[in-house]
1. In the range 74-96, which residues are modelled with pLDDT of 85 or more and more than 20 Å from Val170 (Cβ to Cβ)?
2. Report, by residue number, each residue of the range 175-189 that is touching a helix residue (DSSP H, G or I) at 6+ places or on another chain (Cβ under 7 Å) and part of a strand (DSSP E or B).
3. With respect to Pro125, determine if the residue is closer than 17 Å to His176 by Cα and loosely packed, with under 13 Cβ neighbours inside 10 Å.
4. Can you tell me which residues in the range 82-98 are exposed (fewer than 11 other Cβ atoms within 10 Å of the Cβ) and in contact (Cβ under 8 Å) with a residue 12 or more places away in the chain?
5. Test Gly172 against the stated conditions and say whether it is at pLDDT below 90, part of a loop (DSSP other than H, G, I, E, B), within 31 Å of the chain's Cα centre (by Cα) and not hydroxyl-bearing (Ser, Thr, Tyr).
6. Against the definition (outside any loop (DSSP other than H, G, I, E, B), of a type in the set (A, V, I, L, M), farther than 16 Å from Arg136 by Cβ and at pLDDT 85 or above), how does Ala71 come out, yes or no?
7. Looking at Gly40, Gly132, Gly122, Gly117, which is the one that is part of a helix (DSSP H, G or I) and at pLDDT below 85?
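The values are calculated or read from the model by the stated rules, or taken from the named source; none is laboratory data. For clarity, every value in this text was computed on a predicted model and none was experimentally measured. Note: ideal-geometry Cβ built from the backbone for every residue, glycine included; neighbour counts use all protein chains shown.
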Amino acid sequence: MVALARSVLAVALLASTVAWADDPVSATPDEISEVRLDAGVAPEEPAPEPAPTEVAPPPPQFERLMKPVGAIVPASEGNAFLPRMRAEQAPYRFWTPTAREVARFEQLLPAYLKQAGHLNAGVQPDLWRRIGRYRRQYVGTFAWGRKRLVVFLFDAPDSEQIGLVRPFRVAGGGDHFLHIAYGVESETFVHLDVNGAR
């Protein structure tokens with residue numbers, strides 16, 4: 001009987017030694033049984049992480065004005081409205097005009113057009129009276145390091161169909177289509193360009 005008890009104890013000790021052989025320091029009986037159950041089974045590979053989705057940038061913010069009807073073009077869109085004239089020319093730099101700068105331009109515009117009507121053959125004398133109904137696009141750029149406002153103005157039977165937030169070019173139309181360059185710091189009008197009659 002004693003010999004049988006010793007044999008059983010020896011077998012138990014042997015089994016314990018085998019079970020703990022993998023990690024005699026930190027393994028627990030639960031971990032040992034898990035190792036035995038999973039023996040010979042390849043671990044599952046983690047699922048690949050989904051590729052990050054690209055978020056489209058928000059559309060540019062055009063500030064719309066109601067009186068006169070117009071839109072302030074953000075600096076990020078300036079190149080679309082005022083591209084380089086020649087390929088070798090350095091690109092323009094742009095800034096976003098403020099409502100206050102635009103208001104000052106509008107305050108000075110009628111008096112300037114009164115004078116321009118006498119000096120520019122392409123400008124009808126009554127343009128300064130009609131200019132209030134023209135729609136506008138205000139683009140901020142620089143000339144010799146100084147802020148310049150370039151304003152596209154248009155008045156035509158279908159002008160309501162011309163989007164204020166996209167550039168456009170029209171050949172002909174006379175003084176129904178014009179653009180004006182204005183020095184913001186000096187508060188002076190630099191240039192007036194009127195479309196040809198045809």
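1. Pro74, Ala75, Ser76, Tyr92, Arg93, Phe94, Trp95, Thr96
2. Tyr182, Phe189
3. Yes, satisfied.
4. Across the range 82-98, the qualifying residue is only Pro91.
5. No: the conditions fail for Gly172.
6. no
7. Residue meeting the stated conditions: Gly117.
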